[in-house]
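Read through the structure below, which is laid out as structure tokens, and then see the notes.
Since every read-out is calculated from the coordinates, none of them should be taken as a lab result. Since we're looking at a predicted model, the values are computed, not measured. Virtual Cβ from ideal backbone geometry, glycine too; neighbours counted across all protein chains shown.
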Amino acid sequence: MKAKVLLQIAVIIYSISLTACATTSSNEALVVVPESQSGDIPTLEQALGLSESFAPDSNSLANPELARMFQQYFDEGLALNPISGTFLGLRQYNSKWTNHLSPEHRQLMHDYHQRWLDKLNSFKRENLNNTDLVSLQVLSYQLREALDGEQYPGFMLPISQFFSMPNFLAQLGSGMSVQPFNNTDDYNNWQLRADSIPVIFDQAIVNMREGIAAGVVQPRVIMEKVLPQLSAHIVDEYTNSLFWKPVINIPDDIPVDDISHIQAEYQKMITAEIIPAYRRLHDFIRDEYLPASRDSIGWTTLPNGHDWYNFHVRSHTTTDMDAEEIHQFGLDEVARITAEMITVKETVNFEGDLPAFFTFLQEDEKFYFDNEEDLLQGYRDLQAVINARLPKLFNIAPKADYKVRAIEAFRAESAAGASYTPGTADGSRSGIFYVNTFNLKAQPKFIMETLSIHEASPGHHFQTSIQQEITGMPMFRRFGGFTAFSEGWALYAESLGKELGMFSDPYQYYGRLSDEMLRAMRLVVDTGMHAQGWSREQAIEYMLAHSTMAESDVIAEVERYIAIPGQALAYKVGQRSISRLRDQGEKQLGEDFDIRAFHRLVLTGGAVPLDVLNQQVNAWVDSQQ
């Protein structure tokens, strides 16, 4: 999904930037937070209030020339991808858009990446502090990866059921995402941005036709799921369009004359531009693209598909692991977790084998909510419980908390069970923990503790928000990311549940195992389909046989892996790396190992390639001895 496409969307990829860890003293690269007398977690803002700004290196100052370069690089990136500015809460970008699918824009991106890589390669690195050296290392990595990815024609595959610009634009235009609709200017900004919708959709059609000619097409099974997503926006009455919702919810303090103007303009925009654009794209996919789509699902069946899949694996895991090695890692993890599930079954005195236990957990009504609101409230109640226990393992926290919401109905059927969208760095917009309520049987009660930890605190919400709030480091580090780090952290955070006093109910601990099993199965299934010739049905059967997941959830997961190969590998690979680093630190430091300092180091160190994370933690451990 990262694919360096727009929906890295600049920021959405839960990650953190990167600070250097200590190299000569135990206080370098760390924000020191005093113990709270009340037991509350100090906010990051309070932590940073101990000094003028975050200073990762105490022995040397940041290079001002390099700092200017990093800022210029970031600013140029915003101009090329202005939706990033909206995610960052920068209002000046809210009316702008780019036709990121066009050959002209692809050339601009190539020139941008190559120019900056050349600049970094020629920059003299003498007398740089550790933070600057790591920043150079991370940015060089990202630029090389972007240029390497240009050899693969991802632009010919602009739409799937999981990655869909039409869905994303509908989220923006509905007023339920990051696009603000608070005043007249906001409504005008969205109208200007929405002018690009027909342009983007028509470009997508051009690119998909080019893909048909080149034999680079999506599997039919996932494109069939795209049609209902598009048809949801082809309505007879404009008032039934999601794009009309901001008008329905228009703030009372907007002047009456402005309201009348907005109503008239939005009616015209929806009926004359937006609905026809969705209809053209829908009909093209139905009549022209689907007949040309492929029956196969594996990425290796595409032209140069073997190398392309390996690129996805490297990109998402930030390692040189190959598909065979990852597949075996997954098989080993599935076996280990299965043994733990059997232990839970025996703990609750269930009579029967593991498949029978799975059936019991799937069918017994006590494990499920009857309605959406009770499910959402259950997560809100958990939010308070977990927040109160975090000081045991953390002495740093984001400025703003998060909100719990249901995933929008129009995309729920093909969406994951849950997801997280970051707030703004200043805390003015909270992060959002989205829960998929499409099928309540896919949201068992026993999964709630681990899912909340993963998506919210201390998982994605902590990691992403803390990264954004750290000052004194380049913006591209504060708002960039690596899937292996960010998803690895969230899965590692799940492993902290027992230490936080969660999972006391054996069924909730089974939920933890169930969630980890999902990530282990992903290693097997993703590589199975894309490197070993597995069918969609084989993947579905494998996941059903090894979990209590609802069939609808399994199908959505398998089709997600079909659409975004390699991304699902990042979770376990990243988690294993973080867990190993903690284990090594505990062994080397013994009683001197401070878990809260370790977590602070990793969180304030930012989302980095895993080898860089290894360097940072190893240097910190050495500095403690």
* Rounded to the nearest 20 Debye, what is the dipole magnitude of the chain about its Cα centre when Lys and Arg each give +1 and Asp and Glu each give -1 at the C-beta? -> 920
* **Cut-off under 5 Å, modelled amide H: who pairs with Y420 long-range** => Y434
* Structure fact -> The answer for trypsin sites (Lys or Arg not before Pro) in segment 68-147 that fall in a DSSP coil and have at most 16 neighbouring Cβ atoms within 10 Å is K124, R125
* Asked: Between S428, L66, I159, whose Cα lies farthest towards the positive end of the dipole of the chain when Lys and Arg beta carbons carry +1 and Asp and Glu beta carbons carry -1, centred on the Cα centre?
  -> L66
* Using a cut-off of 13 Å between beta-carbons, work out the net charge of the residues near M321 (Lys and Arg +1, Asp and Glu -1, M321 not included). => -3
* Asked: Does segment 338-464 come out rounded, prolate or oblate by the C-alpha gyration tensor, with a ≥ b ≥ c the root eigenvalues, rounded set by a/c under 1.5 and, if not, prolate when a/b is larger than b/c and oblate if not?
  -> oblate
* **segment 228-242 and segment 427-492: distance between their alpha carbon centers, rounded to Å** => 31
* **Positive-pole candidate from Q362, I595, G89, dipole of the chain, charges at beta carbon** => G89
* To the nearest 20 debye, what is the magnitude of the charge dipole of segment 156-303 about its Cα centre, counting +1 on the Cβ of each Lys and Arg and -1 on the Cβ of each Asp and Glu? -> 740
* **Karplus (6.51, -1.76, 1.60) ³J(HN,Hα), θ = phi - 60°, over segment 148-158, in Hz, Gly and Pro reported as x** => 4, x, 5, 6, 10, x, x, 5, 7, 10, x
* Asked: Which value at 222 nm does the chain reach when only helices count, each DSSP H run of 4 or more adding -39,500 (n - 2.57), with the total divided by all residues and rounded to the nearest 500 deg cm²/dmol?
  -> -17500 deg cm²/dmol
* To do: Would you mind telling me the antiparallel percentage of the DSSP bridges in the chain, rounded to 5?
  => 45
* For Q532, enumerate residues with amide H under 5 Å from its amide H, sequence gap 5+ or separate chain, H modeled in the peptide plane. => none
* Structure fact -> Karplus ³J(HN,Hα) for segment 477-486 (6.51 cos²θ - 1.76 cosθ + 1.60, θ = phi - 60°; Hz, whole; x = Gly/Pro) runs 7, 5, 10, x, x, 9, 4, 4, 6, 5
* Structure fact -> By the Cα gyration tensor axes a ≥ b ≥ c (a/c under 1.5 gives rounded; else a/b larger than b/c gives prolate, otherwise oblate), the shape of segment 156-303 is prolate
* To do: Tell me which residues come under 5 Å, amide H to amide H, from G431 once H is placed; ignore anything under 5 positions away on its chain.
  => K403, G423
* Order of 447-455, 128-136 by packing, highest average Cβ count within 10 Å first? -> 447-455, 128-136
* Asked: If one computes the Cα centroid of segment 584-625 and of segment 274-298, what distance in Å separates the two points?
  -> 49
* To do: For segment 263-369, run through the chymotrypsin sites (Phe, Trp or Tyr not before Pro) and keep only the ones in DSSP coil with at most 15 other Cβ atoms within 10 Å of their Cβ.
  => F350
* Asked: For the chain, rounded, prolate or oblate, judged on the Cα gyration tensor with a ≥ b ≥ c (square roots of eigenvalues), a/c < 1.5 rounded, else prolate if a/b > b/c?
  -> rounded
* Asked: Reachable lysines from K366, Cα under 22 Å, same-chain residues fewer than 8 places away excluded?
  -> K345, K441, K445
* **Options N395, Q191, H282, ranked by Cα towards positive dipole end of the chain, top entry (Cβ charges)** => Q191
* Structure fact -> In whole Hz, the Karplus estimates of ³J(HN,Hα) for segment 458-463 (6.51, -1.76, 1.60; θ = phi - 60°; x where Gly or Pro) are x, x, 4, 4, 4, 4
* **Proximal charge balance of L290 [Cβ under 10 Å; K/R count +1, D/E count -1]** => -1
* Asked: Please state the relative contact order of the chain as a whole percent: Cα pairs under 8 Å, 6+ residues apart?
  -> 24
